[in-house]
Each structure stands twice: as C-alpha cells, then as structure tokens.
1. How many of the residues in segment 1-29 are under 20 Å from K106 (Cβ atoms) and surrounded by fewer than 19 Cβ atoms within 10 Å (Cβ to Cβ)?
2. Restricting to segment 71-95, and then to whatever is in contact with a Cys (Cβ under 9 Å, 6 or more places away or on another chain) and within 22 Å of G160 (Cβ to Cβ), can you tell me which residue is surrounded by the most Cβ atoms within 10 Å (Cβ to Cβ)?
3. Checking the conditions here, which among T68, T32 is surrounded by fewer than 18 Cβ atoms within 10 Å (Cβ to Cβ) and either over 30 Å from H159 (Cβ atoms) or outside the structural domain of A10 (by TED's automatic domain parsing) (or both)?
4. Residues K59, K23: which one is over 14 Å from the mean Cα position of the chain (by Cα) and among the charged types (D, E, K, R)?
5. Just give me the residues in segment 1-59 being under 17 Å from G79 (Cβ atoms) and in a strand (DSSP E or B), in sequence order.
6. Any idea which residue in segment 96-140 is surrounded by the fewest Cβ atoms within 10 Å (Cβ to Cβ), counting only those that are of a type in the set (S, T, N, Q) and outside any loop (DSSP other than H, G, I, E, B)?
Amino acid sequence: MDGYFAHETAVIDDGASIGRGTKIWHFSHIMTGATIGEGCNIGQNVVVSPQVVLGRNVKVQNNVSIYTGVTCEDDVFLGPSMVFTNVINPRSAVNRKSEYQPTRVKRCASIGANATIVCGTTLGEYCFVGAGAVVTKDVKPYALVVGNPARQIGWMSQHGHRLQFDRDGIAQCPESGASYRLINEQVERLD
C-alpha cells in the first residue's frame, strides 16, 4: 500500500499523495489532490480536502476538518476537533469556491482542541494556540494565544513551555534548558 497505513474504514480518493510511514485511522477521508507528507498521523474522522498540503510528521487528532487553502508545514500539531475555515462570508446559496483564502501554519506550531482558525491567517513557527481559541489574525512565532477572539498572553519555548523573560529579555526553557531572547516583541532562540 505505497508505504503508508490506512485503516479499512478510511477513504482515500485517487489522486491523493500520501508519504511513507503515514498512518490514517478510522473513518477519515483524504480527498483527490491532497498532499500528506511522510510520517504523519491522521486520527479518526478527519477530512483532508483537495489541495491541502501537510508537511512531514504532522499530527492530526480526531474530528479535524482541514479545508482547501490550508498548508501545514513540518511537525505541526492539530488538536482534537479543531477546524479551519476557507471563506470569510459563507452562504449556502452563494458559490464562493473562487474566494478561498489561504491559511499557513508554520513548522512546529501547535493548535489546541476545539480551536478555530479563520482563513487568511498565518500561524508562526512554534506558536501555541490554546484550546477553544478563535484565531482571526496572524500569530507571531513562539506566541501563546488564547480566547475569542484570540489574543496573545505570552511566549512558548520550542518544547511547549511558557517562557518567563527576565529584565534583560532572556528566558530559559525548563525542559530543554535552551535560552531565548525577547527583543521588539520578537522571540529568538539563542543556542
């Protein structure tokens, strides 16, 4: 089966591209034109629409809908029941397929359970979207955002820990020991 695993209840349309080592679980649907990288895990009851691109090692939890226009770079985490949109003003009686707005989730970003990502936004590297948040605008790299609408309340390390910056703008991840610097509302890893 081309180097990936698909549960017998999964539906994979002709023309979908799936990388080696990827696992697709119960009742998920991968549509024509979707591209899924190597080593991904697609949970139960997931929909991956045409032209969606998932990089390597993307983890998609149960009940996630990924609509046309979404690109997720490598090592992205999509929490249970989170959802993307692709049209700003949907109406059942108005066809807006030509108005899909792109959404980009940069590498190593995490999106919590039940979050909604409104189309046309970019989520920066290593950002962390809290459970239930509604993202309506771009999220900076390493930013922690929560709420509806989502607002930034802090910064996260590459290992997913909240960073506490000292007076010199330096913080250390409690798990990895890596150091970070905050300058002009931007975070960079020092080592």
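The values are calculated or read from the model by the stated rules, or taken from the named source; none is laboratory data. In this text the structure is predicted, and so the values were computed from the model without any measurement. All Cβ positions, even for glycine, are placed from backbone atoms using ideal geometry, and neighbour counts span all protein chains on display.
1. So the answer is 0.
2. Residue satisfying both the conditions and the ranking: L78.
3. Of the residues listed, the single one that is surrounded by fewer than 18 Cβ atoms within 10 Å (Cβ to Cβ) and either over 30 Å from H159 (Cβ atoms) or outside the structural domain of A10 (by TED's automatic domain parsing) (or both) is T32.
4. K23
5. N41, I42, V47, V48, L54, K59
6. Among residues in segment 96-140 that are of a type in the set (S, T, N, Q) and outside any loop (DSSP other than H, G, I, E, B), the one surrounded by the fewest Cβ atoms within 10 Å (Cβ to Cβ) is S98.
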